[in-house]
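Participant: Before I ask anything, here is the structure I am working with.
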Amino acid sequence: MASKGRAVPDGTKHIAVIGIGSGDPDQLTLGAVKAMRKTDVFFVLEKGEEKSSLTRLRRAMLAEHVPGPHRVVEAEDPWRDRAQQGSRGGYTDAVHDWRRRRADICERLIREELAPGQRGAFLVWGDPSLYDSTLAVLEEIAARGNVTFTYEVVPGVSSVSALAARHRVGLNRVGRPIHITPGRRLAETVGNDDGDIVVMLDAHESFRHFAAGGTWIYWGAYLGTPDEILISGPVEEVADDIRRARAAARAEHGWIMDTYLLRPCSDDTVV
């Protein structure tokens, strides 16, 4: 069984889950750099040729910040069945199946590639606590009981924080809550004026549901990278601009990761 903590008993394998920011190498925290420099083996799950730039960014960070001896072990990220995402139950089943297969791969990496007493690490985009599966995968591996390890989590700069910084806005307004949701659940919040909404993982441009609602959008894609795109304005005025930018970027790169903040227009909206 795995245990959480920083101490590594003699002969125990240790895993660090390190948040590395949304893409800008300067977003690495001092804590992340220190954890990286103590790591013997870095595990990287490849996401195919179309997302190879993400692997190159990780390797560039290692080259700059980890001068000591270390190994990088790569494995192919398992395929995920996205055809089942039409219903909530189908989506949940698909995610659980994908995580199980991902856990199979990561368990093998920890067992075969990390020697007793060594430190391994997964470099996670953004922050490991926000819409990332690494912690859930490690918990599943620990529950199986086939390999013993300890682990720690090093927080990182999330795409949400990067989005707010790049648009120079606060995420919250005075006395107002913030709601964070994946795009597939955004339609459920239409008509709810109780705070602002941060949307992640939106493959269907769900902001269109707010085009007639007097809502301001702060949108960003490839945050922190040289390919970063930023658009802001009333949804009804900039929705088409965002759609065109998404289509062009996906055609150029083969993938897109975007995040946005929706803010109901009111007297205290700062734009």
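Participant: For segment 121-152, what are the residues that are over 15 Å from Arg108 (Cα atoms) and acidic (Asp, Glu)? I'd like the intermediate steps shown before the answer.
Facilitator: Here is the first cut: in segment 121-152, the ones over 15 Å from Arg108 (Cα atoms) are 123-133, 135-136, 150-152.
Passing the criteria: Asp127, Asp132, Glu152.
Participant: Which condition does Gly120 not pass, out of (1) within 23 Å of Arg59 (Cβ to Cβ); (2) assigned to a helix (DSSP H, G or I); (3) among the small types (Gly, Ala, Ser), if it passes all the others?
Facilitator: So Gly120 meets the others, but not (2).
Participant: Here is a further query. Considering only residues that are surrounded by fewer than 18 Cβ atoms within 10 Å (Cβ to Cβ), of a type in the set (S, T, N, Q) and closer than 30 Å to Glu112 by Cβ, which ones fall in segment 148-174?
Facilitator: Answer for segment 148-174, where residues must be surrounded by fewer than 18 Cβ atoms within 10 Å (Cβ to Cβ), of a type in the set (S, T, N, Q) and closer than 30 Å to Glu112 by Cβ: just Thr148.
Participant: Turning to a different aspect of this structure: Those residues that are within 13 Å of the chain's Cα centre (by Cα) and either surrounded by fewer than 21 Cβ atoms within 10 Å (Cβ to Cβ) or basic (Lys, Arg) (or both), I need them from segment 126-147; list them, please. If you could, list the steps in order and put the result at the bottom.
Facilitator: Step one: of segment 126-147, the residues within 13 Å of the chain's Cα centre (by Cα) are 126-135.
Matches in segment 126-147: Ser129, Leu130, Tyr131, Asp132, Ser133, Leu135.
Participant: Hey, can you tell me all the residues within segment 22-50 that are in a strand (DSSP E or B) and either among the polar types (S, T, N, Q) or modelled with pLDDT of 95 or more (or both)?
Facilitator: Hits for segment 22-50 are Val41, Phe42, Phe43.
Participant: Kindly check whether there is at least one residue in segment 175-186 that is buried (at least 17 other Cβ atoms within 10 Å of the Cβ) and either closer than 11 Å to Thr259 by Cβ or touching a Pro at 6+ places or on another chain (Cβ under 8 Å) (or both).
Facilitator: Checked segment 175-186: at least one residue is buried (at least 17 other Cβ atoms within 10 Å of the Cβ) and either closer than 11 Å to Thr259 by Cβ or touching a Pro at 6+ places or on another chain (Cβ under 8 Å) (or both).
Participant: Just give me the residues in segment 212-229 being surrounded by fewer than 21 Cβ atoms within 10 Å (Cβ to Cβ) and either in contact (Cβ under 8 Å) with a residue 40 or more places away in the chain or not in a strand (DSSP E or B) (or both), in sequence order.
Facilitator: Correct list: Ala212, Gly213, Gly214, Tyr222, Thr225, Pro226, Asp227, Glu228.
Participant: Further question: If we keep just the residues of segment 123-152 that are part of a strand (DSSP E or B) and touching a helix residue (DSSP H, G or I) at 6+ places or on another chain (Cβ under 7 Å), which is nearest to Ile217 (Cα to Cα)?
Facilitator: We begin by selecting, within segment 123-152, every residue part of a strand (DSSP E or B); these are 123-124, 126, 149-152.
Add one more test, that the residue is touching a helix residue (DSSP H, G or I) at 6+ places or on another chain (Cβ under 7 Å), and what stays is 123-124, 126, 149, 151.
Values: Leu123: 30, Val124: 27, Gly126: 21, Phe149: 44, Tyr151: 38 Å.
Ranking the candidates gives Gly126 first.
Participant: If you take the residues of segment 55-92 that are out of contact with any strand residue (DSSP E or B) (no Cβ under 9 Å at 6 or more places or on another chain) and among the aliphatic types (A, V, I, L, M), which of them is modelled with the highest pLDDT?
Facilitator: Ala63
Participant: Listed residues Val153, Val147, Val174; which is closer than 24 Å to Pro25 by Cβ and aliphatic (A, V, I, L, M)?
Facilitator: Checking each option against the conditions leaves just Val153.
The values are calculated or read from the model by the stated rules, or taken from the named source; none is laboratory data. All values derive from a computational prediction rather than experimental measurement. Here Cβ is always computed from backbone atoms with ideal geometry, including for glycine, and neighbour counts include all displayed protein chains.
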